[in-house]
Amino acid sequence: MEATAHYYEVIARWFDFYGYNLLICNPRQSKYLRNVLKPYFKTDIIDSMVIAKGVQLGVLKGELFNEKYS
């Protein structure tokens, strides 16, 4: 999940409450990766896929939500 101002915190806390592990990443990192993979498109679906692929490949770094906000 991207850390976009304070907007992500409510949904992140909800997922954390129900036992999901969330990796909070810097939006600049995901934007750079998206521009490398899909430079001409910007949608939530593509952003989600880019973040998932970046985490899977180990090129998108972040912090676990529960460690950062416990």
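Once the Cα atoms are used to define both axes, helix 44-57 deviates from the longest principal axis of the chain by about 80 degrees.
The apolar share of the surface of the chain, taken as the fraction of accessible area on carbon and sulfur atoms (1.4 Å probe, ligands and nucleic acids excluded), comes to 59 percent. Averaged over its residues, the chain has an accessible area of 78 Å² per residue, based on protein heavy atoms and a 1.4 Å probe. Our compactness index for the chain, the C-alpha radius of gyration over the empirical 2.2 N^0.38 Å, is 1.11. Evaluate the relative contact order of the chain (contact order divided by residue number), counting alpha-carbon pairs under 8 angstrom at least 6 apart; express in whole percent. So the answer I get is 39 percent.
The count of lysine pairs in the chain with alpha-carbon distances below 15 Å, taking only pairs 8 or more places apart or on different chains, stands at 5.
Amide H to amide H distances under 5 Å link residue 60 with 55, where only residues 5 or more positions off or on other chains count and H is placed in the peptide plane.
The values are calculated or read from the model by the stated rules, or taken from the named source; none is laboratory data. What you see is a predicted model; the values in this text were computed from it and never measured. All accessible areas refer to the heavy atoms of the entire protein, side chains included, with ligands and DNA or RNA removed. Shrake-Rupley method; radii C 1.70, N 1.55, O 1.52, S 1.80 Å.
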